[in-house]
Amino acid sequence: MESVESTEGPGSGGSVWEQLAPGVARRRMPHLDVTIGLVVGSDGVLLVDTASTLREGEELRGQVEALTGRTVTHIVLTHGHFDHVFGTAAFPGAEVFGERGLDGYLRRERETLLADAVRFGTDPAEAERAAGALVLPTRQVTGETAVDLGERPVRLVHAGTGHTGHDLVVVVPGAGPSDPTVVFCGDLVEESGEPQAGDDADPAHWPGTLDALLALGGETGRYVPGHGAVVDARFLRAQRDALAERFGTAPS
Ligand SMILES: [Zn+2]
């Protein structure tokens, strides 16, 4: 991907893909402002999360194919919530990576995810269709896995638990100021609101996991939240402190 330009027609308000580094981009979906990440190497095309419905997944597939001239070869699911995984079936043939416990989580929670999708405003028929076609990971990540997309190595890291028990982040190492390290954080980081913590969150470990993310991305890293604008290391430290305060895990 030489550059990331608009795949939308006139009147769409400009490009929906935001370039973060050479071959690295993200877009924000209109529904729930969920982040979709894109990493393009010479051999492979990796998508981070797949949005809330098959229809959204199909839209993404068409956009990525128009943008890169290639099909998605790798999908990384940052965690199991419906707005990050329900579009996966729109990418047949792609290898699907998830933290090693994600498979079991998706098997157990399918009905809960469907109910959540409807509760958060997804069209019920679309939600049913997506839940029925839910794709389980084909590749389990324990600790860390390296993926070589060709001239663009990527690290998939379970940096710890927090937002869920199965959080996985995508680190795209940079090579200098014009090629910053990019970390796709999933919902471990949220910019558009307070991080969502449900029954499946792990509040006690969440602040420590953000420290691990800071170690991965460094001081000049660009951190892409699951929802909201791209943030920096300073924002991550502030969110870590706010979470520690909120959950009462701050050191006394
Ligand atoms: Zn989530």
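Here the condition is being open to solvent by 40 Å² or more (accessible area, probe 1.4 Å) and either more than 16 Å from the chain's Cα centre (by Cα) or within 15 Å of the ligand (Cβ to nearest atom) (or both); of 109, 126, it holds for 109 alone. Under the condition of being away from the ligand (no atom under 16 Å from the Cβ) and among the aromatic types (Phe, Trp, Tyr), the residues counted in the range 70-98 number 2.
When residues in the range 137-153 are screened for being closer than 11 Å to residue 76 by Cα and either assigned to a loop (DSSP other than H, G, I, E, B) or of a type in the set (A, V, I, L, M, F, W, C) (or both), 4 of them pass. Scanning the range 142-166 for residues that are more than 16 Å from the ligand (Cβ to nearest atom) and of a type outside the set (A, V, I, L, M) yields 142, 143, 144, 145, 148, 150, 151, 152, 153, 155. Just one of the listed residues (135, 183) is touching a Phe, Trp or Tyr at 6+ places or on another chain (Cβ under 6 Å) and more than 16 Å from the ligand (Cβ to nearest atom), namely 183. Would you check if there is a residue in the range 54-69 being free of Cβ contacts under 8 Å to residues at least 24 places away in the same chain, open to solvent by 40 Å² or more (accessible area, probe 1.4 Å) and within 16 Å of the ligand (Cβ to nearest atom)? Scanning the range 54-69, I find no residue that is free of Cβ contacts under 8 Å to residues at least 24 places away in the same chain, open to solvent by 40 Å² or more (accessible area, probe 1.4 Å) and within 16 Å of the ligand (Cβ to nearest atom), so the answer is no.
Out of the residues in the range 169-206 that are part of a loop (DSSP other than H, G, I, E, B) and of a type in the set (A, V, I, L, M), state the one that is farthest from residue 99 (Cα to Cα). First the steps, then the outcome.
If we filter the range 169-206 for residues that are part of a loop (DSSP other than H, G, I, E, B), which is where we start, we get 173-175, 177-178, 180-181, 185, 189, 191-205.
So of that shortlist, the ones also of a type in the set (A, V, I, L, M) come out as 175, 189, 197, 201, 204.
Numbers: 175: 27, 189: 17, 197: 19, 201: 15, 204: 19 Å.
Restricting to residues being part of a loop (DSSP other than H, G, I, E, B) and of a type in the set (A, V, I, L, M), the top hit is 175.
Residue count for the range 154-168 satisfying the condition of being out of contact with any helix residue (DSSP H, G or I) (no Cβ under 8 Å at 6 or more places or on another chain) and part of a strand (DSSP E or B): 2. Among residues of the range 217-252 being open to solvent by 40 Å² or more (accessible area, probe 1.4 Å) and either under 17 Å from the mean Cα position of the chain (by Cα) or among the aliphatic types (A, V, I, L, M) (or both), the one that is farthest from the ligand (Cβ to nearest atom) is 250. Considering the range 132-161, the residues that are over 19 Å from the mean Cα position of the chain (by Cα) and open to solvent by less than 40 Å² (accessible area, probe 1.4 Å) include one that is farthest from residue 181 (Cα to Cα), namely 133.
The values are calculated or read from the model by the stated rules, or taken from the named source; none is laboratory data. Computed from a prediction, not measured in an experiment: that's the story for all the values here. Glycine also receives a Cβ, built like all others from the backbone with ideal geometry; neighbour counts cover every protein chain displayed. Just so you know, the surface numbers come from the protein's heavy atoms only, side chains and all, with ligands and any DNA or RNA stripped out. Shrake-Rupley method; radii C 1.70, N 1.55, O 1.52, S 1.80 Å.
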